[in-house]
Every structure is written in structure tokens, then in C-alpha cells.
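Working notes, beginning with the structure itself.
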Amino acid sequence: MWYTAPVATWQDRDPEPAAAGAPRYRLHVVPATRRIGRLFLPGWLAITIGRDIWSWRPLAGPELAHELCHVRQWHRYGWLFVPRYVRASWRAWRAGGDPYRDNSFEVAARRAPADRSGANA
């Protein structure tokens, strides 16, 4: 089973008014990706590439808010988001932290349900 949610803006779920030119996103739910993803990222739920959010199950509100923060980060940095994300992981690891949990982009995305400014990582 595979389905793709209709294209929407992240503000469709936010109580704040939509901003002009807001990036759009697509949510792809592909249950078969759960097994494949666990080979590389144990415990994974979703990954965002550009404006596409790939998940193995539908996302709850806070989970979607987290991924939409990543959509905004991609929108802000474009493909430069990839090396910036890797660099943030390296910096977290070098400082003695966890490359995923302490990555500044992930920290911002975890704040996203309460603070919609997560693009400023």
C-alpha cells in the first residue's frame, strides 16, 4: 500500500495565517519503507527531502510539525541543507554529543510544535 497526501502548505495545519510564497509539501506514506529504513536508521519514522516527507505511517500533529520544520529548512537553504546538516551532526559529535539528537537542525525541529521558527537552525 502506498498513498500520497495532497500537496498542501504547512500553514494548512497551523493556526497562524499562511505566508505569501510559503513552501509546499507532499506527504508520502509507504509502509514498506519501514523495514528498509530500519536497516540504516533504527527507530526512524520519516525523512524529509526538499518538500517531500516520506514516512512509513501517517504522522501525528507533533510529528508532522517536526517534518514541516525540515521542509522550511530545505526551503531556506536549498541543496546546501545537506552539507549544513552533515556539518551540524559533525559539530554535535565533536562536542561530545549525539550526531542526531544534538544536531542543531533536529533541535530546532523538536521545538517546532511549540515554536514555528525552526528554520533558523
Restricting attention to the range 32-74, which residues are under 17 Å from Y100 (Cβ atoms), out of contact with any Leu (no Cβ under 9 Å at 6 or more places or on another chain) and in a helix (DSSP H, G or I)?
R38, L39, F40, C69, H70, Q73
Residues of the range 57-91 being aromatic (F, W, Y) and surrounded by 19 or more Cβ atoms within 10 Å (Cβ to Cβ), which ones?
W74, F81, Y85
Among the candidates I47, I53, I36, residue that is touching a strand residue (DSSP E or B) at 6+ places or on another chain (Cβ under 6 Å), surrounded by fewer than 19 Cβ atoms within 10 Å (Cβ to Cβ) and β-branched (V, I, T)
I47
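Every number in this text was worked out from the coordinates using simple rules, so none of it is lab data. In this text, all values refer to a predicted model and were calculated from it rather than measured experimentally. When we count neighbours, we look across all protein chains shown, and the Cβ atoms used for this are built from the backbone with ideal geometry, even at glycine.
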